[in-house]
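The values are calculated or read from the model by the stated rules, or taken from the named source; none is laboratory data. Note that the structure is a prediction, hence the values are computed from the model and not measured. So basically every Cβ, Gly included, is an ideal-geometry build from the backbone, and we count neighbours across all protein chains shown. When the accessible area is computed, the model is the full protein with side chains, heavy atoms only, and any ligands, DNA or RNA have been set aside. Shrake-Rupley method; radii C 1.70, N 1.55, O 1.52, S 1.80 Å.
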Amino acid sequence: MSGTNIAPNQPLIRVENLCKAYNLDHPENQSACHQVLFNINLEIYPGEFIAIMGQSGSGKSTLMNILGCLDTPTAGSYWLAGRNVATFSGDELARVRNRNIGFVFQGFNLLKRMTALDNVAIPLLYAGMNRSESRKQALSLLQQTGLGQFTRHYPNQLSGGQQQRVAISRALVNQPQLILADEPTGNLDTQTSQEIMALFAQLNRDRDITIILVTHEDDIAAYANRLIRLKDGHIVQDEMRSPTTV
Amino acid sequence: MNLLIIITESFRALRLNRLRTGLTMLGMIIGVAAVVLMLSIGQGAQANINNTIASMGSHLLIVVPGATSSGGLRFGIGSVKTLTAADAQAIAELPSVEATAPVVSGIAQFSYGANNWSTSISGVTPDYFTVSNWVIERGDIFSEADVRSATRVAVLGKITAENLFGTEDPIGKTLRISNRPFLVVGVLAAKGQSLSGRDQDDNVLIPLTTAQRQVLGNQFPGSINLMLVQAKSAEMMEEAEQEITRLLRQRHRITGKMENDFTVRNLTALAAVASTTAKIMAWMLGAIASISLLVGGIGIMNIMLVSVTERTREIGIRMAIGASQRAILTQFLLEALMICILGGITGVALGITCAWAISQIADMPVVITLSMIGLAFTFVSIIGVFFGFYPAKKAASLKPVEALRYE
Ligand SMILES: Nc1ncnc2c1ncn2[C@@H]1O[C@H](COP(=O)(O)OP(=O)(O)OP(=O)(O)O)[C@@H](O)[C@H]1O
Ligand SMILES: [Mg+2]
């Protein structure tokens, strides 16, 4: 991927007429098909902090999964850092997910049987680093996110906020230029949510990482400098604004 | 992700499910142990038979009195006394025949000092020792002259010598056979069991004539129980068989459609059949045992499929953070392979232990070879890859979103 050195005036993400329909394997209706996204057009530039909002079932997660190269659109095209994702091989997709995109989930999605340290280190292992070097880097990252003393804890020995910090550290460990966060504060209380959002804001501001996050809450969305609103699979609002809280 | 890390990851996954891993491995352990055990028993039996054949003497025919019976070859005393030492002499003159060894045999009572022993006794000529590959351990065999003058000399089988004389050196001692004194002139080297399972070392050999006239008291003077014939070469065996039949029919005045009053058998061919049978048996045992390996392999596949389903979410997470399909495939394949290899090592150890125990307890010959162990491992690895591949492939081809959504 040449993604790390694209010019700021070139979009990091360009989505054209993107559609997504799910095939419902209905016993009676073989070709039953449920369209979730309709002709989505988007351009996202490096350094943006975007909040995606919309009612439940409006297709936010579906869009995020496609942007994160975890799922493929049924129509339209998706260009990531100037390259058409549809042309990527399986290995290239894995590489993009590993190096260029960091994913943060509502349910944290940590590997239960591994310590916080090892959880953060796995993306480095998949990138081909050796065990000891990867642990060293994971440790320094956990220390930066304030989890220095929890490195040997297993996910079930950590609070929700701590787990999400581990997950964010894992998303950051390969220094991606894009972070996708699907309701990262959905399982957290207000106080912890604010802390997590402050962390995102800091990453966006200090490291210039592009962040796209899905949320239902206005005060979370307020951290972003661009708001996209989905309704029934259509973009109904896409506006720049200055973040109100920092 | 480099291979070493994947190996440790796989190992970690196996350790986390110790009971399940252990039970799955048990299938492999039992299968491998069974294969090793069966092969070692089979090859032991085969080696035993090959030893016997090697000690038997080469390109041998056996001629016994009486018509071919449906029961096949009969050893021991023939029911009819139609074969004579003179027949043997005549056969020895045939162009395809190297040597003949007429034999009379029976059971006799032996004593030396206070020791009594009853065992088989054979009257033979000096040629018998060469034809049937006997090696003299101590002393010497008796001579043609001994046969001509029917002297009372004896050559003892290893076991008989031990039973009668213990640690004493029997050479030059006098023992009594059916109450007549005999001078011991030689002791034979041990040979082991014959093809029919008889212990060949428990015997006494005396001159043919002595046996006929003084010990066994034949009804028909000059008749013999059997005759070993050594052909000049392996290629000439069939020719020898035909020549012997023609000569004996002529000597016994058997004409036209009349049935032979003797039977000629190719001992070497019989031995070859026995050897092949043993070989087939050895491989059959191995093949049967390998069915349990197959069952173990299916068990591995089953468990791996369950494991893949259980860990669908883990697979999704790994894919989301950059695991390639190859990395996932390798991880699950290695898990299956590790169960197999670890099971294989334990199984080989168990198999060898059992084989050893059986050889000790049941006094069975067992043979354990490196190639057998190599074979077991090759088999196990093939099974690991074969049965591990489908579940691993299934894991690797999961779609990231779907795997992540899996509860
Ligand atoms: N695998 C699937 N098969 C069929 N339909 C699906 C599948 N995944 C999602 N959908 C449908 O697509 C629509 C959008 O789902 P999506 O998860 O993107 O919504 P969302 O905006 O993220 O909602 P929420 O805010 O509740 O997370 C829903 O109507 C859902 O039923
Ligand atoms: Mg959602």
Tally of residues being within 16 Å of ligand 2 (Cβ to nearest atom) and either in contact with a Pro (Cβ under 7 Å, 6 or more places away or on another chain) or open to solvent by 40 Å² or more (accessible area, probe 1.4 Å) (or both) across region A:40-70:
6
Filter region B:1-16 for residues that are of a type outside the set (Lys, Arg) and either within 10 Å of chain A (Cβ to nearest Cβ) or in contact with a Pro (Cβ under 7 Å, 6 or more places away or on another chain) (or both) and give the result.
B:1, B:2, B:4, B:5, B:6, B:8, B:9, B:13, B:16
Name the residue that is farthest from ligand 1 (Cβ to nearest atom), counting only residues in region A:153-175 that are touching a Ser or Thr at 6+ places or on another chain (Cβ under 9 Å), within 14 Å of chain B (Cβ to nearest Cβ) and open to solvent by less than 30 Å² (accessible area, probe 1.4 Å).
A:173
May I ask you to list the residues in region A:177-202 that are open to solvent by less than 10 Å² (accessible area, probe 1.4 Å) and either out of contact with any Ser or Thr (no Cβ under 8 Å at 6 or more places or on another chain) or not small (Gly, Ala, Ser) (or both)?
A:178, A:179, A:180, A:181, A:184, A:185, A:196, A:197, A:200
With the condition kept exactly as written, say whether any residue in region A:84-101 is within 13 Å of another protein chain (Cβ to nearest Cβ), under 16 Å from the mean Cα position of the chain (by Cα) and assigned to a loop (DSSP other than H, G, I, E, B).
yes
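Can you tell me which residue in region A:102-134 is farthest from ligand 1 (Cβ to nearest atom), limited to those that are among the aromatic types (Phe, Trp, Tyr) and at the interface with chain B (Cβ under 9 Å from one of its Cβ atoms)?
A:126
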So, residue A:37, is that one more than 16 Å from ligand 2 (Cβ to nearest atom), open to solvent by less than 80 Å² (accessible area, probe 1.4 Å), modelled with pLDDT of 65 or more and not aromatic (Phe, Trp, Tyr) or not?
no
Within the bounds of region A:195-211, is there any residue that is in contact with a strand residue (DSSP E or B) (Cβ under 9 Å, 6 or more places away or on another chain), more than 14 Å from chain B (Cβ to nearest Cβ) and within 16 Å of ligand 2 (Cβ to nearest atom)?
no
Take the conditions open to solvent by 60 Å² or more (accessible area, probe 1.4 Å), closer than 29 Å to residue B:154 by Cα and touching a residue at least 12 places away in the same chain (Cβ under 8 Å) and apply them to residue B:265. Does it pass?
no
Only one of B:305, B:334, B:294 is more than 30 Å from residue A:71 (Cβ to Cβ) and more than 14 Å from chain A (Cβ to nearest Cβ), namely B:294
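Residues being of a type in the set (Val, Ile, Thr), under 24 Å from the mean Cα position of the chain (by Cα) and open to solvent by less than 30 Å² (accessible area, probe 1.4 Å): count how many of those fall in region B:268-302.
0
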Take region B:366-407 and flag every residue that is assigned to a loop (DSSP other than H, G, I, E, B) and either more than 19 Å from the chain's Cα centre (by Cα) or surrounded by fewer than 18 Cβ atoms within 10 Å (Cβ to Cβ) (or both).
B:369, B:397, B:398, B:399, B:406, B:407
Here's a check for you: in region B:29-68, which residue that is hydroxyl-bearing (Ser, Thr, Tyr) and open to solvent by less than 40 Å² (accessible area, probe 1.4 Å) is farthest from residue B:383 (Cα to Cα)?
B:55
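Tell me, which strands (runs of 3 or more DSSP E) lie completely within region B:80-142 with 1 or more residues that are in contact (Cβ under 8 Å) with a residue 12 or more places away in the chain, touching a helix residue (DSSP H, G or I) at 6+ places or on another chain (Cβ under 6 Å) and crowded, with 20+ Cβ neighbours inside 10 Å?
Strands (runs of 3 or more DSSP E) meeting the threshold: B:97-112, B:115-124.
Determine if region A:77-98 includes at least one residue that is within 16 Å of ligand 2 (Cβ to nearest atom) and over 19 Å from residue A:226 (Cβ atoms).
no
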